[in-house]
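K.L.:
Below you will find the structure I want to go over with you.
The values are calculated or read from the model by the stated rules, or taken from the named source; none is laboratory data. Only a predicted model underlies this, so the values are computations on that prediction, with no experimental measurement involved. Cβ: placed from backbone, ideal geometry, glycine included. Neighbour counts: every protein chain shown. Heavy atoms of the whole protein, side chains included, go into the accessibility calculation; ligands, DNA and RNA do not. Shrake-Rupley method; radii C 1.70, N 1.55, O 1.52, S 1.80 Å.
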Amino acid sequence: MEVKARVVGQVLHIIRQFMLNRRTVLVSVFCVILLVLWQSTFLLTDIDSTHFLKASRFDTGAKNMKSKPHIVFILADDYGWNDIGYHGSFIQTPNLDRLASEGVKLENYYVQPICSPSREQLMTGRYQIRYGLQHSVITDDRPHGLPLDEVTLPQKLKDNDYSTYLVGKWHLGFFRKEYLPSRRGFDKFYGFLTGGEDYWSHRRPNMYSQDASEYHGLDLRDQDNPVLDQNGTYSTHLFARKATEIISQHDQDKPMFLYLSFQAVHAPLQAPDKYVERYRNLKNTAVQKYSAMVTAMDEAVGNVTIALRDNGLWDNTVLIFSTDNGARRSAGSNWPLRGWKNTLWEGGIRGVCFVTSELLEKKGTTSEALIHISDWFPTLVRLARGSTQDTKPLDGFDVWNSISFGTPSPRNEILHNIDPLKCANGFSCSSGGNNSAFISFIYAAIRSGDWKLLTGFQDRGGWKHTDISGSHFEEPVDPPNKHLWLFNIRNDPQERTDLSEKYPSLVQSLLEKLITYKMTAVPPFWPPRDPTANPALHGDFFGPWL
């Protein structure tokens, strides 16, 4: 300190000498600035070094958390296009409406027509034709699942230091332990493995056999262990509660990926009385119960967002809400879209979806960007500051700029599916090894730009509108043997005017695209039923059997 005092005195003496001469004022100012800067270096050395290092780590951690946001992906099951408030529904969805209004509504967003394929493409960013799962859902009595050589989204996020959680429905295979969620990238799993079950007992009813004792068992797990104490707890409430527990217990020094995969609003139609009571004036019992299920789910989503706010995570969270496919013919409404679950009409594959986050550049907007559920894989890996360079070729695109900034989508085309095992009735779909032409009896659909081509047996579809008086159906006028359609989806999203005869060259161009996809497809894998999967042989529980 004596050295400091001596040096300071010398500098001040020099300044006084310079001040005697007005021509040297600028030099004196310069010297004062040097003195201040020099003094600041001594002040830094006087700071407690331990405190300084802790502060530096905190600042760096804050920046890292900002660059790696928490990701909450909420997936509804069988949720209809017209069953949300902002699409004009009478069903009460105040939480979903508010979140959507604060974020970006994705109005040109596509999923798959049934449960497993949507989940497969969310987890891999790849079309199901790449790994042979294009025929149907993954069932609980066939030895199949998402192939083990496919890298999943949670695995990629774990590579970037994320904690990964799955609450709710898996439905991607479990015949061997290697296929369980805890082996596919999730740190924690609480939920069920099959496609659907009783909301209260968490038991899956018999789907195939007339024997009531066959293929009927409990399907609720905490990690790999059956849960035995939740009989009577409504699954929507149970999964929301588990999600909020995870949020409150999460180590905030790490980014979080929470995949909340609701059972709602999948069959069976079950809801607590207090929600059914809200719709007591509805004349149709099925519509009444379905509406109650939707409102219960909406409340659950609201509770999850409250937990994120209460635990200080909301400001650095990207929340995505999506359906896995359209509403069923028997419940829910996709109006004004044609078709329903298990069809490739717009009602089966155009999904309700929105993104909300404080990290969005443009909030309170509606996006018409073409987006597919496979796009979440590269998009979320990008948000996690990860890389997709070491993955298999992706069909998904990074669409964050389209969502956040409103830029055009990098995607111009979607292969909805090609399923050669599902052939138009009475026709042969075998190409005999000739790939020079696409057989239009094969069940398939593709969208390219504004155009959509459908081939094969498509269930003909129809239009279903649901209101407080019940469900109202409008049947199509297509002949029963029709197996090819072309629509301009932008001008005709209801798929009412077939243009295939008017634009034959465009039909041929889209068929050629289907040929290209088909030539790269893995043959569908559809193993026979395995009687040893019966839960009665495994302690009355659904789980790995091989």
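K.L.:
Can you tell me how many residues in segment 142-158 are buried (at least 22 other Cβ atoms within 10 Å of the Cβ), among the aliphatic types (A, V, I, L, M) and over 17 Å from the mean Cα position of the chain (by Cα)?
P.N.:
Matching residues across segment 142-158 total 0.
K.L.:
Mind checking which residues of segment 242-259 are more than 20 Å from the chain's Cα centre (by Cα) and either open to solvent by less than 70 Å² (accessible area, probe 1.4 Å) or closer than 14 Å to VAL304 by Cα (or both)?
P.N.:
Those that are more than 20 Å from the chain's Cα centre (by Cα) and either open to solvent by less than 70 Å² (accessible area, probe 1.4 Å) or closer than 14 Å to VAL304 by Cα (or both): GLU245, SER248, GLN249, HIS250, LYS254.
K.L.:
Quick one: which of TYR131, TYR179 is open to solvent by 10 Å² or more (accessible area, probe 1.4 Å), of a type in the set (Ser, Thr, Tyr), closer than 26 Å to THR236 by Cα and out of contact with any strand residue (DSSP E or B) (no Cβ under 9 Å at 6 or more places or on another chain)?
P.N.:
TYR179
K.L.:
Here's something else I'd like to know. Looking for whichever is of a type in the set (Ser, Thr, Tyr) and over 27 Å from ARG183 (Cβ atoms) here; the options are TYR259, TYR234. Which one fits?
P.N.:
TYR234
K.L.:
From ASP48, ASP97, grab the single residue that is modelled with pLDDT of 95 or more and open to solvent by 30 Å² or more (accessible area, probe 1.4 Å).
P.N.:
ASP97
K.L.:
Here is a further query. What's the number of the condition GLU512 fails, among (1) among the acidic types (Asp, Glu); (2) out of contact with any Lys or Arg (no Cβ under 8 Å at 6 or more places or on another chain); (3) closer than 30 Å to ALA292 by Cα?
P.N.:
The failed condition is (3).
K.L.:
Right, here's the next one. Quick check on segment 482-499: of everything there that is in contact (Cβ under 8 Å) with a residue 24 or more places away in the chain and in a loop (DSSP other than H, G, I, E, B), which residue is nearest to VAL287 (Cα to Cα)?
P.N.:
Across segment 482-499, the extreme among qualifying residues is GLN494.
K.L.:
Same structure again: Do we have any residue at all in segment 164-171 that's surrounded by fewer than 18 Cβ atoms within 10 Å (Cβ to Cβ) and either under 20 Å from LEU258 (Cβ atoms) or among the small types (Gly, Ala, Ser) (or both)?
P.N.:
For segment 164-171, residues surrounded by fewer than 18 Cβ atoms within 10 Å (Cβ to Cβ) and either under 20 Å from LEU258 (Cβ atoms) or among the small types (Gly, Ala, Ser) (or both): absent.
K.L.:
How about segment 109-126: which of its residues are aliphatic (A, V, I, L, M) and either at pLDDT below 95 or farther than 15 Å from ILE320 by Cβ (or both)?
P.N.:
Passing the criteria: only ILE114.
K.L.:
Out of PHE427, PHE438, PHE457, which single residue is touching a strand residue (DSSP E or B) at 6+ places or on another chain (Cβ under 7 Å), at pLDDT below 90 and in a loop (DSSP other than H, G, I, E, B)?
P.N.:
PHE457
K.L.:
If the requirement is being among the acidic types (Asp, Glu), within 30 Å of THR285 (Cα to Cα) and open to solvent by less than 60 Å² (accessible area, probe 1.4 Å), which of these qualifies: ASP375, ASP419, ASP324, ASP395?
P.N.:
Going through ASP375, ASP419, ASP324, ASP395 in turn, just one is among the acidic types (Asp, Glu), within 30 Å of THR285 (Cα to Cα) and open to solvent by less than 60 Å² (accessible area, probe 1.4 Å): ASP324.
K.L.:
Also, I was wondering about something else. For segment 285-310, name all the residues that are among the polar types (S, T, N, Q), touching a residue at least 24 places away in the same chain (Cβ under 8 Å) and open to solvent by less than 40 Å² (accessible area, probe 1.4 Å).
P.N.:
Selection gives SER291, THR295, THR305.
K.L.:
Identify, from the list ASP161, ASP187, the residue that is free of Cβ contacts under 8 Å to residues at least 60 places away in the same chain and open to solvent by 10 Å² or more (accessible area, probe 1.4 Å).
P.N.:
Testing whether each residue is free of Cβ contacts under 8 Å to residues at least 60 places away in the same chain and open to solvent by 10 Å² or more (accessible area, probe 1.4 Å) leaves just ASP187.
K.L.:
Can you say whether PHE262 is touching a Gly at 6+ places or on another chain (Cβ under 6 Å) and either touching a residue at least 40 places away in the same chain (Cβ under 8 Å) or open to solvent by less than 40 Å² (accessible area, probe 1.4 Å) (or both), as far as the supplied structure shows?
P.N.:
yes
K.L.:
Please work out which one of (1) crowded, with 20+ Cβ neighbours inside 10 Å; (2) in contact with a Gly (Cβ under 6 Å, 6 or more places away or on another chain) is the condition PHE487 fails and give its number.
P.N.:
Tallying (1) crowded, with 20+ Cβ neighbours inside 10 Å; (2) in contact with a Gly (Cβ under 6 Å, 6 or more places away or on another chain), PHE487 fails exactly one: (2).
K.L.:
Collect the residues in segment 159-181 that are more than 17 Å from the chain's Cα centre (by Cα) and in a helix (DSSP H, G or I), keeping them in residue-number order.
P.N.:
Residues satisfying the conditions are LYS177, GLU178, TYR179.
K.L.:
For segment 513-531: of the residues being open to solvent by 90 Å² or more (accessible area, probe 1.4 Å) and assigned to a loop (DSSP other than H, G, I, E, B), which is nearest to ASN412 (Cα to Cα)?
P.N.:
Only one residue tops the list, namely PRO523.
K.L.:
Continuing with this model, one more query. With (1) of a type outside the set (Asp, Glu); (2) open to solvent by less than 10 Å² (accessible area, probe 1.4 Å); (3) over 16 Å from ALA445 (Cα atoms); (4) at pLDDT 95 or above as the list, and ALA331 as the residue in question, which single condition is left unmet?
P.N.:
(4)
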